[in-house]
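Beneath this line is the structure, given in structure tokens, with notes to follow.
The values are calculated or read from the model by the stated rules, or taken from the named source; none is laboratory data. The model shown is predicted, which means the values in this text are computed figures rather than measured ones. No Cβ is skipped: glycine too gets one built from the backbone with ideal geometry, and neighbour counts run over all protein chains shown. SASA here: full protein model, heavy atoms, side chains in, ligands and nucleic acids out. Shrake-Rupley method; radii C 1.70, N 1.55, O 1.52, S 1.80 Å.
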Amino acid sequence: MWAVKTALGVPEELDGEDADFQDAAHAAGVPAPTVVRTRAGEVFAVIGGVHVRAYEWVEIGPPDRTLDPAGVGRIVAAMHRVEYAGRRPEDPWYTDPVGAPAWDALIRDLTAAGAPYAGDMAAIRDDLVELEALIEPARALRTCHRDLWADNLRPAAANGMCVIDWENCGLADPGQELSGVLFEFWGRDPGRARALYREYLSAGGPGRVDHRGSFSMTIAQLGHIVEISCRAWLDPSEPEEERRRQAGRVAEYTDDPLSMGVIDAILEAVESA
């Protein structure tokens, strides 16, 4: 049995690099589905004018931010040690701020439209801008997954884990990617953050989370996710079901936002590791 997906519609996905990186990671022991290629060795087949791709079927569970932190650390370290020289460059989604003017305009639009979370967004506006001032260039670059949230690092059968959805891979700072993993899985428990980071280091992971700027990629990525979710909710052409889904994505962030206090707490936790 296979898992079949259609292309995301972005040109770079068709270059096959994510499949090559996933294959290299799988060969290096990272728990990930194998890529099923066509008889000609291609990643995509065109069926009815649509690009489709297939993967080995893996039984995975729902997203779980309470996964064993040491296990998460080992897996991320293994991913960051994969010998793979990718060509996909850095992307503004992971490196650039939304910016104060854009946040202000967005909050005005949400307020005018009566968005249910307009007040929550206004309340964290200054925090969003303060965080974006921390964004700095990468210290080192290598091909990374770039989407390591709980949606894509899943529990799997036999108490294991599985990394899925490699399509967004490309060059990034492994330490900056690791900061996002720490935020996603720490559960506001310093012990979990410490265990994850300690195991990552013990497994030879090259990234380092040692100052506020280490969270640059996480700040940029979360900012853009919130921004596009708000814009999708504001779009009158979107079906009501989709607008509710996007409102839920915004609420997920406003209910548990990244903040300067959270960053400092994680840094304090991992310092002793």
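Observations on the model:
- Packing, as the average of other Cβ atoms within 10 Å across residues, places the peptides 72-80, 96-104 in the order 72-80, 96-104, highest first.
- Dipole of region 94-184, positive end: most advanced residue of 110, 161, 148 [Cβ charges, Cα centre]: 161
- Peptide ranges 213-222, 129-138, 198-207 listed from the most packed, as the mean C-beta count within 10 angstrom indicates: 213-222, 198-207, 129-138
- Expressed as a whole percent, the accessible surface of the chain that belongs to carbon and sulfur atoms is 52, based on a 1.4 Å probe.
- From the alpha carbon centroid of region 126-159 to that of region 179-230 is 6 Å.
- When you count the other C-beta atoms within 10 angstrom of each residue and take the mean per peptide, 32-39, 239-246, 111-118 line up highest first as 32-39, 111-118, 239-246.
- Each residue of region 77-87 was assigned a 3J(HN,Hα) from its phi angle through the Karplus curve 6.51 cos²θ - 1.76 cosθ + 1.60 (θ = phi - 60°); the sequence is 4, 5, 5, 6, 9, 5, 7, 8, 9, x, 10 Hz, with glycine and proline shown as x.
- Under the convention that each Lys and Arg Cβ holds +1 and each Asp and Glu Cβ holds -1, the size of the dipole of region 49-145 around its Cα centre is about 460 debye.
- Whole-Hz ³J(HN,Hα) from phi, Karplus 6.51 cos²θ - 1.76 cosθ + 1.60, for region 21-32, glycine and proline x: 5, 4, 4, 5, 5, 4, 5, 8, x, 6, x, 8
- Entry note, region 160-273: relative contact order of 35 percent, from Cα contacts under 8 Å with a spacing of 6+ residues.
- Dipole-positive endmost among 193, 260, 236 within region 190-273 (Cβ charges, Cα centre): 193
- Residues with amide H under 5 Å from that of residue 86, placed H, sequence gap 5 or more: 143
- Here the chain is treated with +1 on each Lys and Arg Cβ and -1 on each Asp and Glu Cβ, and its dipole about the Cα centre works out to around 620 debye.
- For residue 210, solvent-accessible area (1.4 Å; no DNA, RNA or ligand), Å²: 90 Å²
- Per-residue ellipticity at 222 nm, computed for the chain from helices alone with -39500 (n - 2.57) per DSSP H run of at least four residues, works out to -14500 deg cm²/dmol.
- Protein-only accessible surface at a 1.4 angstrom probe places the residues 84, 253 in the order 84, 253, largest first.
- Solvent-accessible area per residue for the chain (1.4 angstrom probe, square angstrom): 46 Å²
- Placing +1 on the Cβ of every Lys and Arg and -1 on the Cβ of every Asp and Glu, with nothing else charged, gives region 128-252 a dipole about its Cα centre of roughly 520 debye.
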